[in-house]
Structure formats: structure tokens, C-alpha cells
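Note sheet for the following structure.
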Amino acid sequence: MKPAPFVHHAPRTVEEAVEVLGQVGHDGKVLAGGQSLIPILNMRLASPGHLVDINGVAGLDEVAVTADAVRVGALVRHARLERDDPAYAATPLLRRVLRHVAHPVIRNRGTTVGSIAHADPAGEMPAVLALTEGVVEVAGPRGRREIPCHDFFLGALETSLAPDELAVAVRFPLLGAHTGTAFAERARRHGDYALAGVAAAVTVDDGVVSSARLSFVSVTDVPGALDVTEAVRGQEPDEVDWSACDDLVRGHLAPEDDIHATAEYRAMLAARLAHLTLAEAAADAVALQAGSGPRHREHEAVGVPREGGPAA
Amino acid sequence: MSDPVPEELLDVTVTVNDVPRHARVPARRLLSDFLRHDVGLTGTHVGCEHGVCGACTVLLDGAPVRACLMFAVTAQAHRITTVEGLGTVEAMGPVQQAFTECHGLQCGFCTPGFLTTVTAYLEDHPHPTPDEAREAISGNLCRCTGYQNIVKSVLRAAEIRAAAGPGAGSGATGDAAADAAGGSAP
């Protein structure tokens, strides 16, 4: 299992990368972390003639928290974003979800922007971009443009990026102090592709639910968000019957059978995970408004060595 | 069947276990094949070649990555540590020592990937619980042991590191990782 021959390009700037992409057109592919692309090349499911390796491009490796968004550059590895405390404080959902992206070793190399540009509906980060109504920043020969996520994802592994364009960053908008979030997924083995996963965002205003939104992993054709507010609007967060969202959820899903699970099982699992995450997101919103900041769960701490001696 | 166009060769130099290694290779040369075929360090094993099995795991600037999911040409700017850099038969690293003591291997095919992964993990998490040890190796497949002795080996390696004192780890994962873990530089 070796990749087919290709010409390797190593641009040093975004402008150089865009120029090369323009020259090679549909025969070119961008290489960032390569954790999805290189398996595809190794298995020869794809054999582009040119790889534009952006690992040496300056200025793409920054995480920035602004007044309204977390901005993630195209070379930021999942592991780096996962450990970023300002990003976690601004959008706790990022760390909550990144913990589920493949295995830690893959996260050391794979990039968040690459995962979004890969547009796999079985990927976690496209679901986060959809839930937060994020934006992809793109550089091309016609200058820079921004693509809202609902215009970015066109289908499974299909985006509105042109062959001569490079995704240089994504922005995850902040959800505000009244909105809680949660994420859950189930896989045969932690870190493997999820049988189903759900991200939820619930807004509580004046003590009642004013908005509830979901996005899904592995059970839709295209990464996208589903608004379920109409089923639960105006109810108190701890008294909501979240199963009222079931019809909307079922209507949105398009799961498929495979060797791991039937389509019906995946749909049942996604609906159940929607209940769990909606309830958890609502509790998160209530905690936020109680002034305790994002609900810091102990297991969300990162890189803090344990006290005490080694466990036997 | 011959290639219609001769493949372009690139001069690639990668620092492996603190030694610069040079070869003329095609751009498509995976880091795993560069290490084994071009450098001759066959300790890095190649299993699935699509990132699932973990046998080819090496350290990239101290952090574990899949050598089969990286091209040698991309690795040039980085320091690579392979299993050969973790210790020798005469002076084994703490993780190697623990795997020996606890029978953490049978056929040994998957072992290089476990050793590199666990070495880096213990730099960041010097005192794992049994559950954490299990989670730490979740990205590596072993078809012999049933994992029980590997989990024991991870916990035993933590003991050996702790007994040896700070900075007495393999030293393979670099100053930055040791500093981040609160240890002193090796």
C-alpha cells in the first residue's frame, strides 16, 4: 500500500500556495496534517498528480480568541486546539468534541481546518462548525473570501472550495453567555469512527428555553445543523421533555447500514444521544447564568499531572 | 510495466535519534519506509499503513505520530525518535524495562509502537490510573496479549520513572516535553 507518484510542492507563503494550486488545478490536493488524505493515497482511492504541502507556510498555526469567535489557522493541530485554555474558556465545546476526534496520536498531526475541508459527515469538527454557524476563510487568486458553513458543505467529502483556493482558517463564533453546549458519541472503540454522535446548543433566556440546535456525526449526508426550538420553546430547562424533538431529528437523519450497525440502530442511537446532549446543554446554560463560568468538569482539565504516587 | 515518466527524486535529510540521515527518495516515500529502507532502522514496524494499528508510531519532536501517515519530505524540519532511540539492550529505557518485566509483549510486532506511545504519554501523565493507562494505549493494536500485561507495563513504567527521579526518563522526548510535565531537563 504505497501512494502513486506525485509532484511535491512546498510553498512558504499563502500566495505561493494559491499560485501552485492555480497551476495544477483539479490534479492538485492540499496536504496539511494528512491523517485523512494519506490513508486515501496509500489505499490509492485517490492519486492526485500534485500535492501542495502547506506545512511550511508561515502564519497558519495560530489560535486566536476574538470578541466574537475562536479563529483557528489551517496548520493548528487538533491536539494544540484541544490544549488551548483561552479557546476552551471561550468555547468549551471545542475541547469537549476534540477529545473524540480519532486517537491522541492522530490528533498530534491532524488539523482542525483540514478535517473541516475534508467535509466527512463522520467527522466531529464539521459538526461543530455547523452547530456554531462558523465560517471558513479562503484565499484564492481572486483574493480572500469567507464562506458560511451552510454554503461550504455541499455533500459527503464535497465543499464549495475551488481547486485554486486554500482554506486558511475557520472561525467558530462564540455562542454567548446564555447558551450551553454538550457533545456525545458512541463508537465501537473510543477514537474510532462514531456509530453516531450529536452536538447540542441550548439557549436559556429569562429562565426558559429560547433556542435549541443540534448537529450530527455519522448519520447525515452533509454536515449541517438542525433547529429544534419549535418543539421545546418556552419550557423550563429542567422540565423539558426532549423526546418532543424526535420527529424533527428523525426527519433530518439519513443514516446508512454498514457492518458496524444498521441504519435503524444509528437513528435510534442519534435520537437518544440528542435527548442526552440537549439536557446536558440546557444544564450547562443554567450553570453559565448562575455565574459559575463554563461548567468546568474535572475530566476536561488538560495536562495537569496528578497528585500522589503512581497507581499500582 | 514501466512508469511513463521517471519519478523525481528529492534530497531528504531527517534527524533521527539525534543523527542527521540523508537519502534521495521520491516525494511519496512514507516516513515509515524512509526509516526502514533508506536509513536501515527496522525497529519501526509497518502494519496496516493507514493509521489504524499504531505499530509504526514514532516521536515527532517528542510527540507520537504515525510514521505511515507522514511523508519523509515533510519530516525534514523535525526531530524523529524511533524505538532505537529509547534505549539499548544494555541500558533499556523505563518503558522497555517495564514491558520486559511484565511480559508486555509476545510476538513483539506491535511493541515499537507501544513503547514510543507510552514513553511520550508518561512525560505528560507521570502517574496514570489503570483506566488512564488503558486509554493511553487505545490507539495501538496488539493481537497477542489481550492488553492486560501491556496495561500492567504502563503502570510499572510509571513506577520505574518515578523511582529514578525527575529527568531520568528516556530523555528521548526532549526538553520541552519534560518541562511541560514538570520534570527537569534530562
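Here are the numbers for this structure:
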item: B:Val12 β-branched (Val, Ile, Thr) and either over 22 Å from B:Gly108 (Cα atoms) or touching a residue at least 40 places away in the same chain (Cβ under 8 Å) (or both); result: yes
item: Meets criteria (within 14 Å of another protein chain (Cβ to nearest Cβ), touching a Leu at 6+ places or on another chain (Cβ under 9 Å) and touching a residue at least 40 places away in the same chain (Cβ under 8 Å)) for A:Ala32; result: yes
item: Criterion (part of a helix (DSSP H, G or I), surrounded by fewer than 20 Cβ atoms within 10 Å (Cβ to Cβ) and away from chain B (no Cβ under 14 Å)) met by exactly one of A:Gly59, A:Gly25; result: A:Gly25
item: Residue that is more than 13 Å from every other protein chain (Cβ to nearest Cβ), at pLDDT below 95 and closer than 21 Å to B:Ala55 by Cα, where the choices are B:Ala185, B:Ala168, B:Ala172; result: B:Ala172
item: Candidates B:Leu69, B:Leu60, B:Leu31 - the one that is within 12 Å of the chain's Cα centre (by Cα), outside the structural domain of B:Asn149 (by TED's automatic domain parsing) and within 28 Å of A:Gly49 (Cα to Cα); result: B:Leu60
item: Complete set of residues in region B:35-92 that are out of contact with any Leu (no Cβ under 7 Å at 6 or more places or on another chain), away from chain A (no Cβ under 13 Å), touching a residue at least 12 places away in the same chain (Cβ under 8 Å) and acidic (Asp, Glu); result: B:Asp38
item: Residue count, region B:132-155 (criterion: more than 9 Å from chain A (Cβ to nearest Cβ) and part of a helix (DSSP H, G or I)); result: 8
item: Any hit, region A:36-54, residues being surrounded by 19 or more Cβ atoms within 10 Å (Cβ to Cβ), over 23 Å from B:Glu8 (Cα atoms) and either among the small types (Gly, Ala, Ser) or assigned by TED's automatic domain parsing to the domain that holds A:Leu157 (or both); result: yes
item: Entirely in region A:186-232, the strands (runs of 3 or more DSSP E) that have 2 or more residues that are among the aliphatic types (A, V, I, L, M), buried (at least 23 other Cβ atoms within 10 Å of the Cβ) and modelled with pLDDT of 95 or more; result: A:196-205, A:208-217
item: Restricting region A:248-262 to residues that are outside any loop (DSSP other than H, G, I, E, B) and touching a residue at least 12 places away in the same chain (Cβ under 8 Å), the residue that is surrounded by the fewest Cβ atoms within 10 Å (Cβ to Cβ); result: A:Arg250
item: Scan of region B:97-149 for residues that are surrounded by fewer than 19 Cβ atoms within 10 Å (Cβ to Cβ), farther than 21 Å from B:Val52 by Cα and touching a residue at least 60 places away in the same chain (Cβ under 8 Å), ordered by number; result: B:Gln97
item: Qualifying residues in region A:263-278 (those that are out of contact with any Leu (no Cβ under 9 Å at 6 or more places or on another chain) and in contact (Cβ under 8 Å) with a residue 40 or more places away in the chain) - the one surrounded by the fewest Cβ atoms within 10 Å (Cβ to Cβ); result: A:Leu276
item: Criterion (within 15 Å of the chain's Cα centre (by Cα) and in the same structural domain as A:Pro255 (by TED's automatic domain parsing)) met by exactly one of A:Ala196, A:Ala117; result: A:Ala196
item: Test: residue in region A:16-30 that is of a type in the set (A, V, I, L, M), under 18 Å from the mean Cα position of the chain (by Cα) and closer than 14 Å to B:Thr74 by Cβ; result: no
item: Residue that is among the hydrophobic types (A, V, I, L, M, F, W, C) and closer than 25 Å to A:Ala79 by Cβ, where the choices are A:Leu60, A:Leu45, A:Leu21; result: A:Leu60
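The values are calculated or read from the model by the stated rules, or taken from the named source; none is laboratory data. No experiment lies behind these values; they were computed from the predicted model shown. We place every Cβ from the backbone using ideal geometry, glycine too, and count neighbours over all the protein chains shown.
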